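Since the structure comes first, as structure tokens, the remarks are kept for the end.
The values are calculated or read from the model by the stated rules, or taken from the named source; none is laboratory data. Remember, it's a predicted structure, so these values are computed and weren't measured experimentally. Cβ sites come from the backbone with ideal geometry, for glycine too, and all protein chains shown count toward neighbours.
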Amino acid sequence: MLLIWDLHINSRIKDRVLEELKKHISNSSEKNIIFLWDYVYHFAYDRTALLSLYTLFLELFSQWKNVYILSWNHDWIWNTFVFEEAKMTYEMITKNVFSDQTWWKIEFITRPKVENIEWEDILFLPYYLTNWSVDSLQNNFWADYTEIENTITTLSQSNKKNEQISAHINQVLLDYIKKYPKLTVIHHYYIEWISFPWQRARFYFNDIALSHLFCDLENIKMISGHLHQGFVYKNYLCTGSVRSTSPLETNHIKALFQYSNNSIKWKLIFINPYFFIDNSNINKINKDSLFPIDWENKQEISQLTEAFVDQFILDTIEQNKQYYLWSEYRKVDFDENFSLDKKDISISLKVEEINYDKIYQHIDQDFYKKLKDFKLKKHLVVSKDLSDKLDIEWKNLSQWFSDRKNLLKEYLKVKYPEDNEKYLDFLRKEKIL
């Protein structure tokens, strides 16, 4: 099966997204194509983009492929799935045309469901909206789930709504695991407590999350998107997103995944990559072959060249591959073939002073014209610098990094000690705090 995650499609990017998806799918022999949530961009219901995506679903169906379309948090307008109209139309048209025994289908999944795909039990666990339940059956696989059950009990007694929701979701997942001896769980939730490889943030049950204890179970396999930088950890594969949704996702190498019975193949996909390059490092990398020489003054010209960026991208790919080598449970095979058009690339170059009048001191002029975008960036204050200014220990900050409210409160105390309460009262009235 081919897994496609976190599209966040809109009219501006839809043509590139569809072009790349069609190319990869046409080069694949996969019969089962699974589209996994977050189709819209930051809750923006872009009808044109969604209709284009639905057209792709129909094209794949006409090619005798099974198409699974799952929902998650960005994909709901109140209680309505963004593809609800498409779902109703498809079911109405096909109701009397195809029998239940049709070998291929389009399926919209908005509730937990187990499907046997390629001789593997797959649990699709979409976004929580209603009180789902699982038929109680005898445990088919002996295992000690006491610690997980104790966690669920504690959460269910919490006075925080999101922790109560986490209790229910964890209970549903545990019930399915008890019902099916071996299960591949495709979900879109955070995993609580664990600081995953190369992930800055750590999440907790109040963010609505699954227990990290599920990652230790040898009888199940976990797959999700949601976090846009992919990685592997124990029994858990995080696929990341298909495209970069903002310039903050710099040096992220995106991929599709061919998956079957624990076989994982990483297939590179370049839709709109952003690369961030530190100008101070240019002279340190492969000087002899990548930079032009001013022979008259016998000096190396410190500017970006196409050859340098080509090598930088290859190095970045290698670095990203390391994120998928952190588990002895999950082996990832890397498909080394890829194509990347320079017109799709955006580059930010860190410099000491920004002066676009002298931009060609920083980048080769011919190469500049090939790029989608090129920006100069000054050194930015990172979280560590901010924590030092606020006199917060870094080890403590990392424990509550996802709690932006606490960070804002702490900042106001330091920045406006005399008017602190006035600002806090205002933010409370505006329901920001």
What strands (runs of 3 or more DSSP E) lie completely within region 148-248 and have 3 or more residues being of a type in the set (Val, Ile, Thr)?
183-187
Step by step: first the residues of region 1-43, then only those that are more than 17 Å from the chain's Cα centre (by Cα) and within 26 Å of residue 112 (Cβ to Cβ), then the one that is surrounded by the most Cβ atoms within 10 Å (Cβ to Cβ). Which residue is that?
33
For residue 373, only one of the following conditions fails: (1) among the acidic types (Asp, Glu); (2) more than 24 Å from the chain's Cα centre (by Cα); (3) at pLDDT 75 or above. What is its number?
(2)
Taking region 180-206 and the residues there that are of a type outside the set (A, V, I, L, M, F, W, C) and without any contact (Cβ under 8 Å) to a residue 60 or more places away in the chain, the one that is nearest to residue 110 (Cα to Cα) would be 190
For the list (1) within 29 Å of residue 28 (Cβ to Cβ); (2) of a type in the set (Lys, Arg); (3) buried (at least 19 other Cβ atoms within 10 Å of the Cβ), I need the number of the one condition that residue 182 fails.
(3)
Tell me yes or no: at least one residue of region 294-302 is at pLDDT below 85, assigned to a strand (DSSP E or B) and aliphatic (A, V, I, L, M).
no
Checking the structure you have, find out if any residue of region 133-140 is surrounded by 11 or more Cβ atoms within 10 Å (Cβ to Cβ) and either at pLDDT 85 or above or not assigned by TED's automatic domain parsing to the domain that holds residue 188 (or both).
no
